[in-house]
Every structure is written in structure tokens, then in C-alpha cells.
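Engineer: This structure is in C-alpha cells; I'll ask about it shortly.
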Amino acid sequence: MSSPEEARFVSTRAADGDPGVSFERALLRGLAPDGGLYVPRTVPTLPSGWRDSDDLKGLARRVLPALVGADEGELDGVLEDALDFPVPLVQLTRERYVLELFHGPTRAFKDIGARVMARLMAKARDDHELTVLVATSGDTGSAVADAFAGLEGVRVVLLFPKGRVSAMQERQLTARRPGVTAFAVDGDFDDCQRLAKEAFADPGTAASQMTSANSINVGRLLPQVLYHLWGALQLDRASRREGGPLLVAVPSGNLGNLTAGVLAACMGLEVTRFLAAHNANDFFPRFLAGERSAYAFEPTRATLSNAMDVGAPSNFERLHVLLGGRLAQRVWGTSVDDAYTLERIRLCLDEDGYLACPHTAVGFEAVERYRAQTGDHETPAMVLATAHPAKFPDTVARATGKASPRDPVLDALAGRPTRVFELAPTLTALRSVLIALE
Ligand SMILES: *Cc1c(COP(=O)(O)O)cnc(C)c1O
């Protein structure tokens, strides 16, 4: 892709004058060596004509090359293959819309970033075999495993804490997929993460090129810019306008989705306010309200919207670099507890006939609170729907009093053969299985 001297990405912790790295380097490294996250050194402006796109793929072909520094046409194959499902905008009322990001294979928005990243990595690896090592506590692992499965020259090793993921999550993680091996680690999620970190640092392990695929990777972040643009474009078309005031409500945990939206705004998308919709893990809303300093991260609390259970959001560092002192002007935040989440699922169904997953419901609640606080009932709001409600049957049934919805893709997964190996939580054990897999 881009030539090595094109060093467009710098660490959030880099000093002025840092030479930076190419997109490929940032993609294969994941985290910068100084512990920071990669960000574009300068954010490109939207290419003229982006509004002429007919679908997400077409928009991606126009916008993504400038973001990653690829030539026009170079990413067409990647995008064709990765973005093979719809991302529809559903209109609920004149000023309330929902952008459904959950029509990918694992029924959560993480499919979008993970599928593009996987194909970018498979392209960037040249002739080297690539091992993707992922420590996961749930949703991310299955999106990543699914995204990489069957790509030539790439194998995936999943580490998850034995007995500490839900039955549905375990089925998704251990479904037999080509090139993917899942290990149930005798320990907790922190053990899995520690093992992965040790393996990366261990010269004895790294016979083949190893990379991580977690949510801080630029290869996952940048494709997420695309659906913010695509959602706004569909909304503009539905209301026969070209840009204008817009609220974007983002169910947030690690703040990757919100950071991607902010990047879209930095590229020129008109957004009046982003609404950062958090569950009881309220570090960021409190920071925005001036109640917390940038360093006052908190331990994680378990909630019904568990994919957003993050006490110390890593993308906060990126938001700081991108917006600095303007953060609180561009982003408004709120924290929604489980009782309000359940109530909002019920209200969405009763008032709009729309069934929302618990994460998406937190986004809807944020819109109502923002309107009540500001008196702005006019500006159209786009809520990002991050997961299919059928992924959370118990919560949805509890909120609505009705049988949980079904989804044929999730049902089919339940019948797939699984394969899983147990692993002791030590580097020696991991090293020997990695070598055996080669
Ligand atoms: C990961 C996830 C989120 C949170 O996204 P971030 O980018 O981490 O803020 C929200 N909803 C669902 C369903 C998720 O899987």
C-alpha cells in the first residue's frame, strides 16, 4: 500500500517532530512502542463528491484511501469483500433515526471495523505468515475470529477466561472456523491479557509475525469513520437536504465508535453535537461535566449493556489529541443505569415500535435527556444501533415482557460444531501451543 516514507501516523504520546510510521506499520503493530495509540498526523478533508455515493462500499472507496494513504482503487477488493452487508438508516419520527450497524455476521457493529482490518492485514503481511493473538472477554473475540477466518496466510489464536463468558458468547467464540483456534484459559480476563502481552514481548514465541487485533488498532478505527458519514448521508437524503444540524448518539464503552465519529467531523461532516451514551461506567460523562480529571479512571462495573463495561476507556487519549480543549463543546455525555436502560427498551417498543438492544437503548435515552436539558426538540438525532436485540434475549424479554426476538444467523450459530482447548495461564504453555500450531 502506501510507501514506507509516507509516515502519516503518530503516537498520541509522541513528541513534536516525531517521524511517525506508515499505515501498515501502525496496523501491524497495534499499540505504539511508547504505549500510546496511533492517530493520523493530519486528518484529510472529505473528497468532493463523497455525497454522490450509492452505498457504504461506494462511499468507502471514495473516503478510505485518503485516510490510510492508499492509492485510489487499491482498496476496492478489500472493501468489496469486507462490507458485504447493508447498514440501513431507519426513520422512526421526523427527527429520530436509527443507524443499524448490526447486520454483519456476528450481529454487532464490531464486524465492520474487524472485517476491514482483517483484510487490510492480510494484504499488508506480504509473504509472511501472520498470527493474530486476541485476548477477549466476549463480543470482540467472535467478531475478530469471524473476520479473519479463512484468510490465506493468517491464523487466529483466541484466549478467553474459562467459565467466565456467557453461554451464547462461548458458542460464538468456539465455533469451528478455518485458521482459528480458541483456548479456554484457566484464569480470568486479566490473565488472558497478561499472557498475550508476555507472548508479544517474548522473542522465543515470535517465529511468525504476530499482531493483536484489539479495538485500539487503527485498522479497526478508521473504517468506523465510514458509517458515520453513510448514516448522515442517508439522513440528508431522507430529509431532502445537504448537511445541516445533526445529533449523533453513540452507545460508548472504550470510545472507539465516538472517536471515529469525531474523526468524520474533523474531515468535514457537519455534526452539531455527539452524545456519548454510557452505562453506569461513567468516567467520560463525568469528565465532560468537569467532575473528573483526565486521570481519574475507575474500576469496571458490570451492567446489562456489558459490551460497554469499560472503566478506563483507551480511546480517551485519542479524543484528547483530536479535540483538546474543544472536547466538551463538541461532545455531550450522560450515564444511564440499568433501570433506565430497561425502561427505555420498553418505551422504544411502545412509542416507536422499535426493538433496541440494551446498548442501543442507552443511546436512545441519551437523546431524550439531551433534548430535555437543552430544549432542542428540532435537530434530527441519529442513534447508532450497535447490536442486534436477539443477542440479549433475556434482557429484552425482561424489559418488554414479551418473548425474546429470534435471529436466524444467531440461531444457526447455536447448531455449529465447536472446538476448544484448555490452556494453563502460563507463557510456557502458550508458547508450546503456538509452536505446535505452526
Ligand atoms: C463494543 C461495543 C460498544 C462500545 O463501543 P466502543 O467503541 O468501545 O465505545 C457498544 N455496543 C456494543 C454492542 C459493542 O459491542
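A short reminder: the numbers here are calculations on the coordinates, not readings from a lab. As the structure is a prediction and not an experimental result, all values here were calculated from the model. Cβ sites come from the backbone with ideal geometry, for glycine too, and all protein chains shown count toward neighbours.
Engineer: Report the one residue of Ser305, Val218, Gly179 whose Cα lies farthest in the direction of the positive end of the charge dipole of the chain (charges on C-beta: Lys and Arg +1, Asp and Glu -1; origin at the Cα centre).
Structural biologist: Ser305
Engineer: Would you compute, for the Cα atoms of region 1-80, the largest minus smallest coordinate along each principal axis and list the three values in descending order, in whole Å?
Structural biologist: 41, 22, 20
Engineer: Arg286: net charge of surrounding residues, Cβ under 10 Å, Lys/Arg +1, Asp/Glu -1, itself excluded?
Structural biologist: -2
Engineer: At a threshold of 8 angstrom on Cα-Cα distance, excluding pairs fewer than six apart, so keeping six or more, what relative contact order does region 211-285 reach in percent?
Structural biologist: 34 percent
Engineer: In addition: Once you have the Kirkwood Rh of region 369-432 from its Cα pairs, apply Stokes-Einstein at 20 °C and 1.002 mPa s and quote D in µm²/s.
Structural biologist: Diffusion coefficient, whole number: 127 µm²/s.
Engineer: Related question: Binning every alpha carbon pair distance of region 230-278 at 10 Å from zero, what are the percents per bin?
Structural biologist: 26, 53, 19, 1
Engineer: What distance in nm lies between label points placed 7 Å from Cα along the C-beta direction at Arg292 and Arg406?
Structural biologist: Using points 7 Å along Cα→Cβ, the separation is 4.1 nm.
Engineer: As a footprinting exposure proxy, order Lys57, Lys110 by other Cβ within 10 Å, with the fewest listed first.
Structural biologist: Lys57, Lys110
Engineer: Highest first, please rank the peptides 233-240, 98-105, 127-134 by the mean number of other Cβ atoms sitting within 10 Å of their residues.
Structural biologist: 98-105, 127-134, 233-240
Engineer: Okay, moving on. For Glu270 and Arg419, what does the FRET efficiency come to when R0 = 35 Å and r is the distance between their Cβ atoms, rounded to the nearest 0.05?
Structural biologist: My answer for the efficiency is 0.15.
Engineer: Continuing with the same structure: Mind sorting Trp50, Trp332 by how few other Cβ atoms lie within 10 Å of their own Cβ, fewest first?
Structural biologist: Exposure proxy ranking, most exposed first: Trp50, Trp332.
Engineer: Okay, moving on. After finding the eigenvalues of the alpha carbon gyration tensor for the chain, what semi-axes result from the square roots of 5 times each, listed largest first in whole Å?
Structural biologist: Here the semi-axes work out to 32, 26, 21 Å.
Engineer: For the chain, what is the relative contact order in percent, using Cα pairs closer than 8 Å and at least 6 residues apart in sequence?
Structural biologist: Rounded, it is 18 percent for the chain.
Engineer: Take Gln329 and Glu438, extend 7 Å from each Cα along the Cα→Cβ direction, and tell me the distance between the two endpoints in nm.
Structural biologist: Label at Gln329, label at Glu438, 5.4 nm between them.
Engineer: Taking θ = phi - 60°, what integer Hz values does the Karplus form 6.51 cos²θ - 1.76 cosθ + 1.60 yield along region 66-73, in sequence order, with x for Gly and Pro?
Structural biologist: 5, 5, 9, x, 9, 6, 4, x
Engineer: Of Pro47, Pro19, Pro203, which has the largest mean-square fluctuation in a 10 Å C-alpha GNM of the chain?
Structural biologist: Result: Pro203 has the largest fluctuation of those listed.
Engineer: So for region 271-324, averaging the separation of alpha carbon pairs under 8 Å that are six or more residues apart and normalising by length, what relative contact order in percent results?
Structural biologist: Relative contact order, region 271-324: 31 percent.
Engineer: Rounded to the nearest 500, what is the 222 nm mean residue ellipticity of the chain from helices alone, with -39500 (n - 2.57) per DSSP H run of 4+ residues and division by all residues?
Structural biologist: It comes out at -12000 deg cm²/dmol, rounded to the nearest 500.
Engineer: What nm value, rounded to one decimal, do you get for the distance between Gln209 and Arg51 when each label is placed 7 Å out toward the C-beta?
Structural biologist: Using points 7 Å along Cα→Cβ, the separation is 4.1 nm.
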